[in-house]
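**Q** A single structure is presented below for examination.
The values are calculated or read from the model by the stated rules, or taken from the named source; none is laboratory data. All figures in this text were calculated on a predicted structure; none of them were measured in a lab. Don't worry about glycine lacking a Cβ; one is built from the backbone with ideal geometry, like all the others, and counts go over all protein chains shown.
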Amino acid sequence: MATATWSGFRGVSFDRQDMMVFILIMSLSGLQNAFTEILPEFTVGPLELGVGEFLFIPIVLVLLFRTVWAALAVPVGEIVFGEILLGEFNGLGAIEGLLLITAAYYFATTLLQDPENRTQLALVVFLAEAIEEFFAMFIDMGKIWIGVEELEAVPGLPESIVILEVVDFATQMLITGIVFGVIPALYLYPKLHGKVEPLLGMEPYEGERGALIWRGFSIKKLALILLAFPIAFGAEAASETGSFINVVFRPEFLDLYGQNFIAVPILVTTIVAIVVWYRASRQDA
């Protein structure tokens, strides 16, 4: 079994174990994204409530394997299985999630210094979603302010982009961040920690008992997020204007099969995840 020295995240080297982890997380992230696409949204007064994602699945996997590639696999899985296979791929628009999700997961996961500290674990999971949603909120407001997107007012709420985005941020943090993030992650991570990593040839992260969360903080990690934000905003704004070179994939067969076509990415991601898990466990054995 391959070993690794854990001090925060591993380096950016990419070996066989990293590839297996990347494909596994990519497929499972795409799978959960496909399932959330078919879940209904509920209207409560002026608010539309829906599940953004099953956050606990990708964040727990990134917390277990703690590599840059694991964090990157989350948005790549959503792009490949949630956009390309569904024919809704927008090249420049996909950059926002690619940068923000990777940076948010990377930053938050490195803050977990004591895997047995449930309070620290809850904060890390919540923070991963909060960082992504926080910067995404400002990107949405920025597109309205510079005029590349029109304001879609919600009946019953003042026509203020700030109010609309803050309300959306709060509901997403409650539903995705807590209900489908922190709560299941507090159960799932301790169950999988130390059991899954060896199957893919990696040593589990032991951390240090009693270590404070701030031990994992650094200016360089914060700078990574601050750098990702303007690039993500520029790419998203450019995709809205249509005046830049952009790759948009929208096949005609989607109009023929409609919503039923979502069964394809669900089937593909399930097969990929099973094959990768089987091959990884067999090679390690």
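**Q** Out of the residues in region 117-148 meeting the condition of being within 19 Å of A94 (Cβ to Cβ) and aromatic (F, W, Y), tell me which one is modelled with the highest pLDDT.
**A** F135
**Q** Looking only at residues in region 199-244 that are under 30 Å from I146 (Cβ atoms) and among the aromatic types (F, W, Y), which one is surrounded by the fewest Cβ atoms within 10 Å (Cβ to Cβ)?
**A** Looking at the filtered set, the residue picked out is F244.
**Q** Just to check your reading of the model, which residue among V196, V276, V272, V247 is touching a helix residue (DSSP H, G or I) at 6+ places or on another chain (Cβ under 9 Å), loosely packed, with under 13 Cβ neighbours inside 10 Å and either at pLDDT below 85 or β-branched (V, I, T) (or both)?
**A** Of the residues listed, the single one that is touching a helix residue (DSSP H, G or I) at 6+ places or on another chain (Cβ under 9 Å), loosely packed, with under 13 Cβ neighbours inside 10 Å and either at pLDDT below 85 or β-branched (V, I, T) (or both) is V247.
**Q** Right, something else. Condition first: more than 20 Å from V62 (Cα to Cα) and of a type in the set (V, I, T). Now tell me which residues in region 118-143 satisfy that.
**A** I139
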